Each structure stands twice: as C-alpha cells, then as structure tokens.
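We did not get these values from a lab; they are worked out from the coordinates using the rules stated. A quick note: this is a predicted structure, and the numbers were derived from the prediction, not measured. All Cβ positions, glycine included, derive from the backbone under ideal geometry; neighbour counts span all protein chains shown.
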Amino acid sequence: MHNEYEITTALPYLTARLPGVGGALRATPDHFVVEEIGLYAAAGDGQHLYVNLTKVGLTTKEVAAQLERLFGLERGSVGFAGMKDKVATATQTFSLNVGHKPAHFADEAAQRIAAELPVKVNWVQFHHNKLRPGHLLGNRFTITVTGLAVAPDIALQRGEAIAAEIRQRGLPNFFGVQRIGPEGGNVRQGLAVLLGERQRADKWLRRFLISSYQSYLCNRYLVRRLEIGAFDRLLRGDIAKKTTTGGMFAVEDVEAEQMRYAAHEINFTAPLYGPHMWMATAEAGALETEVLAAAPVTMAHFAQAHVEGTRRAGRLLVPDLTLHLRDDALVATFTLVKGAFATIVMRELMKVDEDQLSVIAEDDA
C-alpha cells in the first residue's frame, strides 16, 4: 500500500520572491559552531559533576564514552541534553555521576579531562540530577556559507532582505532533511513500520522512524497553511501556545488573538498526530483532518504503535538573526529553541538543493 502513496518532501520557501545567496555549508568544523543553552544552572552541590566543554571531530556519544572510561563510571551514567554533530565546533554540558565529592574534586576533574581528552573544558560544577535529553532551552548557531553564488556584497544584500522578513514573520517550523531522510527515506520506512509491513527490533530506531513519519505529516500540514495563506494569521479552532510560558489554549476569538500573534506573543501549533494529541477544532481542525485523511494511516495505526501524539509550535521565531561578511563568506548568527532545525533557517537564506543541507546532522531533541 505505501508504495502507491506519494511521499512529497519538497518544502516551499516563505520568501520565494527573494533570491537566495547560494553557496555551501561547512567546509570545515569552524564553519558550523553551536552552543547549547542550558535549561537551568548547576546548583554547586550534589553527586553529578556538570562539565561544559567544546569538542571538535567527536560525536556526543564518543565524548560520553571517553568520560565514562576516564572516571571508571558505569555505561550510561554520563548524561547530556542533546547530541551535537561530529563535524562541528560544539559546546555542550555533560553530567558525570561521581557521587558526593569534596569541592576540590571539580577542579581536579577539569584538569584531568583537559589533559586526557581532545576537548576544551569551559567550566565544571556540581548539581543534584543527571542531565537528560531535552534539558536545554535551545542552541546558539554561527554558520558560515562559502562558495556564494554571487559577489559577497550582493550576497549580504540578498541575505539581509531575507533575514529582515524572517525576523518579522518567523518561519514555518519544518522538520529538516536530517529527520525526514534523503528523498524521504526515513519517512518511507516509518510508514512501513506503522502499517505493519516492516518490523524493527531496535526500539530506538523503530521510534525514530515512526517519528520521521509524524514529522513528515507535520510538514505537510505546515505546507497546507502556507498554501491557503494561513501562516501569517490564526485560524478559528487553532491550538495556540504562549511563547514565554508555553501555556496552550484554543483560539475562539481570532480577531483578538491575531494581535498577540502579530506581536509574537503566541504561536499556532501544528499536529504531531497521535490519539492523545489535543485536536484543533473548527477551521483549524478541518485542515488537520484533511492532511491525515490524505495519508494511508489513521489514528488507530498510531495507537497500535503506542504513539501518543503531541503538538509543536508551527511558527519558528528567529528575532536575533544577524548576518555579516567574513572574507568571501557569509556568516549567519542566530538562536533557536530546542527541537528546531538550523537548516530551516539556512535553506531560506541560501535557496539551494536539499542535499546541500543534509551535511548538517544537527540534533533535534
């Protein structure tokens, strides 16, 4: 059945009328710089040693394994909030369950890590709990685009025009090609798992593939909102989310809430389908139903796969997006909330083929 279902992974540009800068991403690790923004500060006491470090040429899991070996810790006892790419300059925090130690242990541990591992130690501090995936607010990015399609000064002009619109309107909070897979490969496998046509013994892989299909449907929903002119405006029945507190509510008075939407105080949310998802109603609900009805799966398939469903901010706000030139390259600096993809910002600026963006294996936890 799923072989007959067309997987359309192409995504529209919000700024399609504005030409991009072209170019390529990540010629070297220092062309993709990412810094984690922690969810909370370390308390200064507890049995978990938080180590903030900068790594190059190592995956997050490789660093965690090396820390476990260095301190003789059990496998899995080193925690982290999100996985950062190998071919990048990435700053993130790890937690080491070392037990209750005297204060000087932190300094000694920092010196030991710096001497034994190919990383830069920025700070160490004790805390009460282990770091777990999602324990972060977001990430700061500094991304360099080389091989620009036009002269650097023209690229900067083009980029500034696009950036100004992004700062004002935000972007559709699409899932990037890293989740969807080249040519939708992850999506097709996830669909096969949901339909019972393929079994995956590995629980993590099974969950990832199913989430890829959820992400695909979410993308299709966002595409439809763009097509009907409902990205810059709320729909009656939308489930909105407050940008500061994260509180969610159903939109009843569209005119009143539209002012808050324009002021970036609230966002509409997009569906990650599942039987326990808070369903939109009225016009927004009809759109959600339309997208799911066009797919070869139902809520029953998600329920059978033990996928609950949830909602995701439909608009990605990037208020601090700035651009500057460095030699013949264009450098973009911006902050994203957790779960958002830097490639969604870069594709809008560059307007290149999707395979040029897949070189970034960024974390989307």
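Values for this structure:
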| read-out | value |
| --- | --- |
| Shape category assigned to segment 257-359 from the gyration tensor of Cα positions, a/c cut at 1.5 | prolate |
| Residue exposure sequence - VAL251, VAL56 - by fewest surrounding Cβ within 10 Å | VAL56, VAL251 |
| Residues of type lysines that LYS242 reaches as a straight line, Cα spacing below 26 Å, ignoring anything fewer than 8 places off in the same chain | LYS338 |
| Highest-first arrangement of 266-272, 155-161, where packing means the average Cβ count within 10 Å | 266-272, 155-161 |
| Cα gyration tensor category, rounded, prolate or oblate, for segment 1-110 with a/c compared to 1.5 | prolate |
| FRET efficiency for LEU137 and THR322, using Cβ-Cβ distance with R0 set to 25 Å, rounded to 0.05 | 0.80 |
| Two-site FRET efficiency, GLU183 against THR245, from Cβ-Cβ distance with R₀ of 41 Å, rounded to 0.05 | 0.55 |
| Net length gained if the chain between GLU354 and THR298 were fully extended (0.36 nm per residue, minus Cα distance) | 17.3 nm |
| All Cα pairs of segment 171-316, percent lying beyond 25 Å | 28 |
| Net lengthening on full extension, THR333/GLU283 (0.36 nm per residue, minus Cα-Cα) | 14.3 nm |
| Label-to-label distance, nm, for residues given as ALA103 and ALA161 (7 Å Cα→Cβ offset) | 5.9 |
| Cα gyration tensor, segment 136-256 - rounded (a/c under 1.5), prolate or oblate | oblate |
| VAL150/GLU252 FRET efficiency (R0 56 Å; Cβ-Cβ; nearest 0.05) | 0.75 |
| Simple spin-label estimate for TYR13 and ALA262 in nanometres, 7 Å along Cα-Cβ | 2.7 |
| Rel. contact order, % - alpha carbon contacts under 8 angstrom, at least six apart, the chain | 24 |
| On Cα atoms only, tilt of 152-169 relative to the major axis of the chain in degrees | 70 |
| Candidates ILE228, ILE344, ILE239: whichever shows maximal mean-square fluctuation once the chain is modelled as a Gaussian network with Cα springs under 10 Å | ILE228 |
| Residue exposure sequence - THR343, THR144, THR54 - by fewest surrounding Cβ within 10 Å | THR54, THR144, THR343 |
| Segment 261-318 and segment 56-128: distance between their alpha carbon centers, rounded to Å | 38 |
| Per-residue Cβ neighbour rank within 10 angstrom, fewest leading, PHE80, PHE126 | PHE126, PHE80 |
| Aspartates and glutamates with Cα under 19 Å of LYS101, excluding same-chain neighbours fewer than 8 positions away | ASP45, GLU68, GLU74 |
| Computed lengthening from HIS276 to PHE71, 0.36 nm per intervening residue step minus Cα-Cα distance | 69.6 nm |
| Cα→Cβ-extended label distance, 7 Å offset, between GLU290 and TRP123, nm | 4.9 |
| Translational diffusion coefficient (Stokes-Einstein; Kirkwood radius from C-alpha pairs) of segment 74-138 at 25 °C, 0.890 mPa s, in µm²/s | 186 |
